[in-house]
Amino acid sequence: MSLIAGSYERFIWGFKLKPLKQSSDGKTLTLTPLFSYPSHVSSITTVAAAGPAAASGGSDDTIHLYDFAAASSLGSLNDHTATITSLSFFTPPSISFPRNLISAASDGTVCIYDADPLSSLRRLRSIRRESTTSPCPSGRLALTVGRDECLGMLNLLRGRRSFFCRMGREASMVGFDSTGDKFFMVMDDKISIHETEDARIVSELENQKGFSALPPASGLLFTGGEDRSIVAWDTNSGKVAYNIEDAHSSRVKGIVVLTRNAGAVADDDPYLIASASSDGVIRVWDVRMAVNEKPNPLAEANTNSRITCLAGSSLKSTKRLRLGSSVPGGENDGVATEDMT
């Protein structure tokens, strides 16, 4: 299991989660550093990970790529001309290597990349202002929201926008659950959970402290934010399943759900939760302990930086991420462009 964190100070941090043979403080796991260096020329805004691959995006308009297995940097992608606001890998359920990388920028532009080798496939305009994009687990579509109070749906197979509507309220985050049957949106201090088929609202979650991190799991949605706690919500009832209060001493900036096996469900495969806070601390938790009492972290690392984002991967793969060359085609290097009308 691997973790990657980005910071306001331009540093990227890579860790490997390993068993700890001996410990005097009760910890059973250790976060072993893989790499750490200033990969961007300005603050890092988003990170993503899948299998051996990891990526980071920053306010310098670039995407940087990393290989967990080799603990190395692989280069950068420069198709955006605005701050990178969202990164997501799409990995089919039957394999352990990502098929696509999807990125979004503050100007509403979305780029779709092939991951084997990593090369540009399509660039399109989804919305008019800062966007966040999340692909469906099926890999067929993605949802995007932004500061223009709009919701867009992207057809990833055809590389174009297939749906667009005005919501009247600004959504800051959007994402699918682990099955793709539901999606959620964050508006102010509320999360609305919808049926994917008809967008019907199933339930609403409220948190007066706001949300900074929302990874889904099997039937659960984890949130973290200014209250410094990690809350697991039941997506069917909209109620709190359990809560790790005061998980950190400052705002939670990222949460990662790590399963031992791809596609496993919570009942037969207890998973670990990794969380990161704005004071630079990364912690790993066992949620089985959180159901009955406040657990102690199984592992902890302090980056001594202001962490802005966290991602992780529990999938193992012998394949290596490699950069491909775009087809020559002028200014966009072969990336087709579709503007929003």
statement: Plugging the Cβ-Cβ distance of Arg140 and Ala82 into 1/(1 + (r/R0)^6) at R0 = 35 Å yields, to the nearest 0.05, a FRET efficiency of 0.85
- request: Highest first, please rank the peptides 111-121, 240-250 by the mean number of other Cβ atoms sitting within 10 Å of their residues.
  value: 111-121, 240-250
- prompt: Of Asp198, Asp60, Asp67, which has the most accessible area and how do the rest follow, probe 1.4 Å?
  reply: Asp198, Asp60, Asp67
message: Over segment 2-313, with the other protein chains present, what is the accessible area per residue in square angstrom, probe 1.4 angstrom?
response: 42
message: For a quick check of your reading of the filter: which trypsin sites (Lys or Arg not before Pro) in segment 98-207 sit in a DSSP loop and have no more than 12 other Cβ atoms within 10 Å?
response: Arg158, Arg169, Arg200
message: Can you compute the modelled spin-label distance between Lys239 and Glu197, with each label point 7 Å from Cα toward Cβ, in nm?
response: 2.6
message: Just want the answer: with Cβ charges of +1 for Lys and Arg and -1 for Asp and Glu, which residue in Ala71, Val41, Ala82 is farthest toward the dipole's positive end in segment 24-147?
response: Ala82
In segment 1-81, trypsin sites (Lys or Arg not before Pro) in a DSSP loop with at most 13 other beta-carbon atoms within 10 Å: Lys21
- request: Return the carbon/sulfur percentage of the accessible area of segment 2-313, one whole number, probe 1.4 Å, all protein chains in place.
  value: 44
field: Nonlocal amide H pairs with Thr62, under 5 Å, H built at 1.01 Å
entry: Ile84
field: Accessible-area value, Asp61, 1.4 Å probe, nucleic acids and ligands omitted, Å²
entry: 50
- prompt: Using bins 20 angstrom wide from zero, how does P(r) for segment 2-313 break down, in % of all Cα pairs?
  reply: 35, 61, 4
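The values are calculated or read from the model by the stated rules, or taken from the named source; none is laboratory data. Computed from a predicted structure; not experimentally measured. Here the Cβ is made from the backbone with ideal geometry for all residues, glycine too, and neighbour counts use every protein chain on show. Protein only, heavy atoms only, side chains kept; ligands, DNA and RNA dropped before computing areas. Shrake-Rupley method; radii C 1.70, N 1.55, O 1.52, S 1.80 Å.
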